[in-house]
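The structure appears right after this line, and notes come after that.
Each value in this text was obtained by applying a stated rule to the coordinates, not by laboratory testing. No experiment lies behind these values; they were computed from the predicted model shown. For neighbour counting, all protein chains shown are included, and Cβ atoms are generated from backbone atoms with ideal geometry for every residue, glycine included.
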Amino acid sequence: MKTIQSLKKQADGLKGIAMRKIFFYVVLLGLIIPNVSQACLQSMNNNSICRGDSVIDNDNDMGVVLEVFNNGKVKIDYHKLRKHYIKSINNVSKEIRCYGQVCRGDQVVDNDNDAGTVLRVYENGRAYIDYFHLNKHYVRTIRQLSKSSNNQCYGRLCKGSIVIDNENDIGTILQVYDNGKILIDYIHLRKHYYKTANQLSLSYRCSDGLCVGDRIIDNENDTGKVLRIFDNGAVQIDYDGYRKHYIKHIHSLGHKVQCYN
């Protein structure tokens, strides 16, 4: 007949076997439990992606997150695709309000001189642009964009200023951007063009004793009246015997005086 001590030992042995079996099944279940949908998940750059987030993937396709799984996968309802797709969380970036100085709603110009309004901004530094003169929206990187200046000035050049460019064409500033690009409405051209700030000179009323409205004579003995003066020394003249206005440099002109001493 077995002693009480041997029975206890046997019971402990059975208990140990049972516990080991339980542990084995727990591990096995852990391996075969399906990837469970959850509300949010962290990406490699520690940004969280959640159900309902607006996202962009590494192919620049945009959509809304339908489901997030604990194996790092997300199910996306793409805006322009008719099917839902699964992507790795590390291949998607969610929409934010601003990236650096560029925010939703900002007016921007890109490095091809196309201007538009920012519709969406994403954590990976991309922006979705509604271009003014293009029939399609495009994705651009933020570093390709410059936004419209908040005070609408770049140095002394401001929206509404009259300027002359390095080809002696005159126009009015329509838009000023932070990178020094300036959109000009040219007086005698049918299209608006971009110039950089260093290609433009500002209109003044007077310079070196010469003022708008003064009578002048140039180095070819043609006479006329000053229409505009610019800070680079260019002067626009309405000549007496010509139907066209011409640009001369201020140092090539003499202006009318009452007496010559």
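Points worth noting:
- Trypsin sites (Lys or Arg not before Pro) restricted to DSSP loop in the stretch 86-186 with at most 14 other C-beta within 10 Å: Arg97, Lys136, Arg156
- Residue-normalised convex hull volume from the C-alpha trace of the stretch 153-204: 66 Å³ per residue.
- Scanning residues 5 or more positions from Tyr246 or on other chains, those with amide H under 5 Å from its amide H are Ile237, Tyr239, with H placed 1.01 Å from N in the peptide plane.
- Look at Tyr122, Tyr138 and count the other Cβ atoms within 10 Å of each Cβ; fewest to most, that gives Tyr138, Tyr122.
- Set of aspartates and glutamates with alpha-carbon distance to Lys191 below 13 Å, sequence-local pairs under 8 removed: Asp169
- Cα-derived Rg over Rh, computed across the stretch 121-218 with Rh taken as Kirkwood radius: 1.11
- Each semi-axis of the equivalent ellipsoid for the stretch 98-147 is √(5λ) with λ an eigenvalue of the Cα gyration tensor; in descending order they amount to 15, 10, 9 Å.
- Alpha-carbon spread of the stretch 37-93, three principal axes, descending order, Å: 27, 20, 16
- Annotation note: GluC sites (Glu not before Pro) in the stretch 88-191 located in DSSP loop regions with a Cβ neighbour count of at most 15 within 10 Å are Glu167.
- Cα-derived Rg to Rh of the stretch 206-255, Kirkwood definition: 0.90
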